[in-house]
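Novice: Dumping the structure here so I can ask a few things about it.
The values are calculated or read from the model by the stated rules, or taken from the named source; none is laboratory data. Note that the structure is predicted; figures quoted are calculated from it, not measured. Cβ sites come from the backbone with ideal geometry, for glycine too, and all protein chains shown count toward neighbours.
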Amino acid sequence: MPSSLTLVYVMFMCFYFSRSDDYVLDDKLGRTFDGIGGLSGGGATSRLLVNYAEPYRSQILDYLFKPNFGASLHILKVEIGGDAQTTDGTEPTHMHYENDENYFRGYEWWLMLEAKKRNPNITLIGLPWAFPGWVGHGENWPYDFPDITANYVVSWITGAKRSHGLDIDYVGVWNERPFDSKYIKLLRYTLDKNGLDKVKIIASDNLWEPIAFYVLQDEELSAAVDVIGAHYPGTTTIKEALESDKTLWSSEDYSTFNDEVGGGCWARILNQNYVNGMMTSTISWNLVASYYENLPFGRDGLMTAEEPWSSNYVVESPIWITAHTTQFTQPGWSYLQTVGHLNKGGSYVALTDRKGQLTVVIETMTHDHSVCIRPPLEPFEVTPQNVTFHLKGSFASISQLQLWKSRFDFKTKNPVFFQKLDPVKISNGSFTLNLDVDEVYTLSTITTAQRGAYPDPPPSAAFPKLYKDDFNVRNPPFTEAPDFADQTGVFEYFMNLTDPGPHVFTLRQVVTQRPVTWVADADQTISVIGDYSWQNITVTCDVLIEKTKNGAVFIAARVDKGGGDVRTTKGLFFWVYADGTYKVTSDIQGTTILTEGKSGTSSDIWYTLSLSIKGDTATGMLNGSLLWKSAVVSGKVPKNGWAAIGTSSFEVAQFDNFSIEAE
């Protein structure tokens, strides 16, 4: 028989491990909740989404925006296109040059309309990453001409209303770049002058400092700035931001591969951005990973939709983690003052509509299963625990709470996301939960939440090995041709009204002046397409160099880079020049020449180029005749990559009858 001392010890240990930690939820209010959002743009991140066929495109949009279905996002933030590379591609501006206005370019207008269709109350935000070159008068600095820049941004907002009936709620200054206090004040003045006094300003979409310091020191600037927005704050803020009494947002966050660790990152920061940093909104970059995965930050979205040719998409874990908050709260609710960390790791937040509704969100993500791409995450421990919550004040009369659970399972790979469980009964104003690690719970008086579902989409498939596009699109819904991803420059559908021949409908590169850039755009324009794994391939395209003696166009294969690395792109580039020459290079800058010679080409004449590469050799055709052959590419050209088209500088050129044959 065990000794009495042993029995006492066992009883003590059972008590120790079964006891719960106590937390009080009363009705004392904290800051106002502003919502959870996603960011489209900041690098053409929704580029492939628009090319999905129905009903799959609408299904993806429902998972993102439809209330009580999936992520049910409260906020959509979009890039104000600037014709420049902004992470994974370029987005067109509404004003390529000063006297040009077109509020139907690109897909962000469409996306905002689709979001509004599903959630009329969704908050809309616009933010420039780059600006067309004329805004900076050829200089890479928009603040030298603040009145031009402010009027340009305001024209986007008024155009959204005039052309699409869209009310923009917030506007930013310049993404992750230095701000200028005089410009922010002028932007406020220009908004007000145009009847846009309800449009609020977010600054500076970079770090907490120095904007928080400036707001404390400058009353006029403080009056102009409504929200201090920081990027990737690591769930913390600084005292100056808190002292400003401004609304604080994580106005861009996440940026993490959307596997389960990415979902864990999102779960942790959605709670702890408020618990640690008093941030009342968190916005994910990006909304949906709808760009070629081999571009920078592939699959860093709340879900994945990168195969319009197959219609396959994947509802990733961050969608359901988002739902734990968004389906049980709305902007305008208030956080309770009683939020915080759990004693054995993890965190909890509680929110109310101030009319009796209550929502509690709990996360117990462990360190290694919740690492975000940035900033570095200091070590911490999370262990299983029992917790008891005591409802006080106006919440004391609540008799039950709806219960939803997600469990990340890194051992057996059998996770469960957004599962509805039996309601939790409240006894004497209290309830107890047994929490394991890497879990998310929502307890709420809200009863309308649903785990939306559609039949499985078609299976994943590689990009077609045989591909053709003659660009003969009538009244296109978008200005971009399907599947092309512009990396420098902008390639738009074009109709030659003066050309009665075979090239009435074409694809045209339209940027003629280097933009006010966000990263180091290439000096050449380029749009990529296809399967990054392609090795042996033939690319054919009709090309036209417009009205220049110094211009050139290219077609390319095995293109290995895009995004912010586009200046160093390698591949096999076949160029023809308006001066009657050609060359073949292994880099986009055209400096590493594999072969060159006479072509007889000139401007304003259509030519058909064909580039074939197989193994370590390549050949080029001009108008069906061999122009060069057996350029040796071994060790000089990447082994695989995309196909591409482009120009030698920021110049106007046209492309037609594009085709690919890959092995």
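Novice: Return the residues of region 606-628 that are surrounded by fewer than 18 Cβ atoms within 10 Å (Cβ to Cβ) and touching a strand residue (DSSP E or B) at 6+ places or on another chain (Cβ under 7 Å); say none if nothing qualifies. Lay out the reasoning, then the answer.
Specialist: To start, the set of residues in region 606-628 that are surrounded by fewer than 18 Cβ atoms within 10 Å (Cβ to Cβ) comprises 606-608, 614-617, 623-626.
If the condition is that a residue be surrounded by fewer than 18 Cβ atoms within 10 Å (Cβ to Cβ) and touching a strand residue (DSSP E or B) at 6+ places or on another chain (Cβ under 7 Å), then W606, Y607, T608, D616, T617, N623, G624, L626 are the ones that fit.
Novice: If I filter region 454-463 for residues that are touching a Gly at 6+ places or on another chain (Cβ under 6 Å) and among the aromatic types (F, W, Y), do I get at least one hit? If you could, list the steps in order and put the result at the bottom.
Specialist: First, the residues of region 454-463 that are touching a Gly at 6+ places or on another chain (Cβ under 6 Å): 463.
Add one more test, that the residue is among the aromatic types (F, W, Y), and what stays is 463.
Taking every residue of region 454-463 in turn, at least one turns out to be touching a Gly at 6+ places or on another chain (Cβ under 6 Å) and among the aromatic types (F, W, Y).
Novice: Residues in region 578-600: is at least one in contact (Cβ under 8 Å) with a residue 60 or more places away in the chain, of a type in the set (D, E, K, R) and either crowded, with 18+ Cβ neighbours inside 10 Å or more than 27 Å from A662 (Cα to Cα) (or both)? Give the derivation first.
Specialist: Residues of region 578-600 that are in contact (Cβ under 8 Å) with a residue 60 or more places away in the chain, as a first pass: 588-590.
Of the ones still in play, those that are also of a type in the set (D, E, K, R) are none.
For region 578-600, residues in contact (Cβ under 8 Å) with a residue 60 or more places away in the chain, of a type in the set (D, E, K, R) and either crowded, with 18+ Cβ neighbours inside 10 Å or more than 27 Å from A662 (Cα to Cα) (or both): absent.
Novice: Which of (1) of a type outside the set (G, A, S); (2) touching a Phe, Trp or Tyr at 6+ places or on another chain (Cβ under 8 Å); (3) farther than 30 Å from D560 by Cβ does N273 not meet, given it meets every other one?
Specialist: (2)
Novice: Follow-up question, since we're still on this one. Based on what the data block shows, is A453 modelled with pLDDT of 95 or more and surrounded by 12 or more Cβ atoms within 10 Å (Cβ to Cβ)?
Specialist: Numbers: modelled with pLDDT of 95 or more: yes; surrounded by 12 or more Cβ atoms within 10 Å (Cβ to Cβ): no.
For A453, the condition - modelled with pLDDT of 95 or more and surrounded by 12 or more Cβ atoms within 10 Å (Cβ to Cβ) - is not met.
Novice: Name every residue in region 608-632 that is more than 36 Å from the chain's Cα centre (by Cα) and among the β-branched types (V, I, T), in order of residue number.
Specialist: Result: T608, T617, T619, V632.
Novice: Here's a follow-up. Would you say G89 is in contact with a strand residue (DSSP E or B) (Cβ under 6 Å, 6 or more places away or on another chain), at positive phi and not assigned by TED's automatic domain parsing to the domain that holds P515? Steps first, answer last, please.
Specialist: On the way: in contact with a strand residue (DSSP E or B) (Cβ under 6 Å, 6 or more places away or on another chain): yes; at positive phi: yes; not assigned by TED's automatic domain parsing to the domain that holds P515: yes.
Against the criterion (in contact with a strand residue (DSSP E or B) (Cβ under 6 Å, 6 or more places away or on another chain), at positive phi and not assigned by TED's automatic domain parsing to the domain that holds P515), G89 qualifies.
Novice: Any idea which residue in region 158-167 is nearest to L207 (Cα to Cα), counting only those that are surrounded by fewer than 22 Cβ atoms within 10 Å (Cβ to Cβ) and touching a strand residue (DSSP E or B) at 6+ places or on another chain (Cβ under 9 Å)?
Specialist: So the first thing to find is which residues in region 158-167 are surrounded by fewer than 22 Cβ atoms within 10 Å (Cβ to Cβ), and the list is 158-159, 161-167.
Those still in the list that are touching a strand residue (DSSP E or B) at 6+ places or on another chain (Cβ under 9 Å) too: 166-167.
Working: L166: 29, D167: 27 Å.
Step by step, filter region 158-167, then rank; the result is D167.
Novice: Another one. Of these, S290, S250, S255, which one is free of Cβ contacts under 8 Å to residues at least 60 places away in the same chain, closer than 27 Å to T87 by Cα and in the same structural domain as K198 (by TED's automatic domain parsing)? First the steps, then the outcome.
Specialist: Numbers: S290 fails: free of Cβ contacts under 8 Å to residues at least 60 places away in the same chain; S255 fails: free of Cβ contacts under 8 Å to residues at least 60 places away in the same chain.
The match here is S250.
Novice: Sticking with this structure for a sec: Please state which of the following conditions V632 fails to meet, knowing it meets all the rest: (1) surrounded by fewer than 15 Cβ atoms within 10 Å (Cβ to Cβ); (2) β-branched (V, I, T); (3) touching a Ser or Thr at 6+ places or on another chain (Cβ under 7 Å); (4) under 30 Å from G82 (Cα atoms).
Specialist: (4)
Novice: How many of the residues making up region 181-201 are among the charged types (D, E, K, R), surrounded by fewer than 19 Cβ atoms within 10 Å (Cβ to Cβ) and either assigned to a helix (DSSP H, G or I) or on the phi > 0 side of the Ramachandran plot (or both)?
Specialist: 3
Novice: Being surrounded by fewer than 24 Cβ atoms within 10 Å (Cβ to Cβ) and under 26 Å from G452 (Cα atoms) is the filter here, so list the residues in region 327-347 that pass it.
Specialist: Within region 327-347, Q330, P331, G332, W333 meet the criteria.
Novice: Output yes when any residue across region 372-393 is buried (at least 24 other Cβ atoms within 10 Å of the Cβ) and either at positive phi or not in a loop (DSSP other than H, G, I, E, B) (or both), and no when none is.
Specialist: Our first condition is that a residue be buried (at least 24 other Cβ atoms within 10 Å of the Cβ); within region 372-393, this holds for 389.
If we keep only those that are either at positive phi or not in a loop (DSSP other than H, G, I, E, B) (or both) as well, we get 389.
Yes: one or more hits.
Novice: Is it the case, given these coordinates, that P500 is in a loop (DSSP other than H, G, I, E, B) and touching a residue at least 12 places away in the same chain (Cβ under 8 Å)? Walk me through it before giving the result.
Specialist: On the way: in a loop (DSSP other than H, G, I, E, B): yes; touching a residue at least 12 places away in the same chain (Cβ under 8 Å): no.
Spelling it out, it is not the case that P500 is in a loop (DSSP other than H, G, I, E, B) and touching a residue at least 12 places away in the same chain (Cβ under 8 Å).
Novice: Now for a different question. Any residue that is more than 29 Å from H341 (Cβ to Cβ), in contact (Cβ under 8 Å) with a residue 24 or more places away in the chain and not in a loop (DSSP other than H, G, I, E, B) - is there at least one of those in region 294-305?
Specialist: yes
Novice: Let me ask you something else. Sort out for me the strands (runs of 3 or more DSSP E) sitting completely within region 27-81 that have 1 or more residues that are charged (D, E, K, R) and either under 24 Å from R451 (Cα atoms) or at pLDDT 95 or above (or both). Give the derivation first.
Specialist: On the way: elements: 29-32, 35-40, 75-80.
Filter on region 27-81 gives 29-32, 75-80.
Novice: Name the residue that is surrounded by the most Cβ atoms within 10 Å (Cβ to Cβ), counting only residues in region 396-426 that are modelled with pLDDT of 95 or more and farther than 23 Å from A323 by Cα. Spell out how you get there, then give the answer.
Specialist: Our first condition is that a residue be modelled with pLDDT of 95 or more; within region 396-426, this holds for 396-408, 415-426.
When the remaining residues are screened for being farther than 23 Å from A323 by Cα, the result is 396-397, 399, 426.
Working: A396: 15, S397: 10, S399: 10, I426: 19.
Applying the filter and picking the extreme gives I426.
Novice: Mind checking which residues of region 155-173 are touching a Leu at 6+ places or on another chain (Cβ under 8 Å) and within 15 Å of A130 (Cα to Cα)?
Specialist: Across region 155-173, the qualifying residues are V171, G172, V173.
Novice: Take Y56 and decide whether it is assigned by TED's automatic domain parsing to the domain that holds I184 and surrounded by fewer than 21 Cβ atoms within 10 Å (Cβ to Cβ). Steps first, answer last, please.
Specialist: On the way: assigned by TED's automatic domain parsing to the domain that holds I184: yes; surrounded by fewer than 21 Cβ atoms within 10 Å (Cβ to Cβ): yes.
So Y56 fits the description; yes.
Novice: Quick check on region 108-118. Is at least one of its residues out of contact with any His (no Cβ under 9 Å at 6 or more places or on another chain), assigned to a loop (DSSP other than H, G, I, E, B) and at pLDDT 95 or above?
Specialist: Within region 108-118, none of the residues are out of contact with any His (no Cβ under 9 Å at 6 or more places or on another chain), assigned to a loop (DSSP other than H, G, I, E, B) and at pLDDT 95 or above.
Novice: Kindly indicate which of G172, G165, G159, G138 is at pLDDT below 95 and either in the same structural domain as W249 (by TED's automatic domain parsing) or at positive phi (or both). Full working, then the answer.
Specialist: Numbers: G172 fails: at pLDDT below 95; G165 fails: at pLDDT below 95; G159 fails: at pLDDT below 95.
Result of the check over G172, G165, G159, G138: G138.
Novice: If a residue must be out of contact with any Leu (no Cβ under 9 Å at 6 or more places or on another chain), more than 17 Å from T158 (Cβ to Cβ) and charged (D, E, K, R), how many such residues does region 101-142 contain?
Specialist: 1
Novice: Here is a follow-up. Got at least one residue in region 551-573 being part of a strand (DSSP E or B) and surrounded by fewer than 18 Cβ atoms within 10 Å (Cβ to Cβ)? Steps first, answer last, please.
Specialist: Quick first cut of region 551-573, residues part of a strand (DSSP E or B) only: 552-559, 570-573.
Going one step further and asking which of them are surrounded by fewer than 18 Cβ atoms within 10 Å (Cβ to Cβ), we end up with none.
No, region 551-573 contains no residue that is part of a strand (DSSP E or B) and surrounded by fewer than 18 Cβ atoms within 10 Å (Cβ to Cβ).
Novice: Continuing with this model, one more query. Pairs only if they're at least six apart or on different chains, beta carbon under 7 angstrom, first in region 100-123 and over 22 Å from T90 (Cβ atoms), second of a type in the set (D, E, K, R) and surrounded by fewer than 22 Cβ atoms within 10 Å (Cβ to Cβ); list them, first residue then second.
Specialist: R118/D62; R118/K66; I122/K116; T123/D169
Novice: Take residues that are free of Cβ contacts under 8 Å to residues at least 40 places away in the same chain and not charged (D, E, K, R) and tell me which of the strands (runs of 3 or more DSSP E) falling wholly in region 398-451 contain 1 or more.
Specialist: Values: elements: 400-407, 416-425, 430-435, 439-444.
Output list reads 400-407, 416-425.
Novice: Now for a different question. Can you pull out every residue in region 204-213 that is surrounded by 14 or more Cβ atoms within 10 Å (Cβ to Cβ) and farther than 15 Å from W174 by Cβ? Can you show your working first?
Specialist: First, the residues of region 204-213 that are surrounded by 14 or more Cβ atoms within 10 Å (Cβ to Cβ): 204-208, 210-213.
Of everything in region 204-213, those that are surrounded by 14 or more Cβ atoms within 10 Å (Cβ to Cβ) and farther than 15 Å from W174 by Cβ turn out to be W208, A212, F213.
Novice: Return yes when V511 is buried (at least 20 other Cβ atoms within 10 Å of the Cβ) and either under 30 Å from G136 (Cα atoms) or modelled with pLDDT under 95 (or both) and no when it is not. Spell out how you get there, then give the answer.
Specialist: Numbers: buried (at least 20 other Cβ atoms within 10 Å of the Cβ): yes; either under 30 Å from G136 (Cα atoms) or modelled with pLDDT under 95 (or both): yes.
Yes: the conditions hold for V511.
Novice: Mind checking which residues of region 435-450 are within 23 Å of S347 (Cβ to Cβ) and either surrounded by fewer than 11 Cβ atoms within 10 Å (Cβ to Cβ) or not polar (S, T, N, Q) (or both)?
Specialist: L435, D436, V437, D438, E439, V440, Y441, L443, I446, A449
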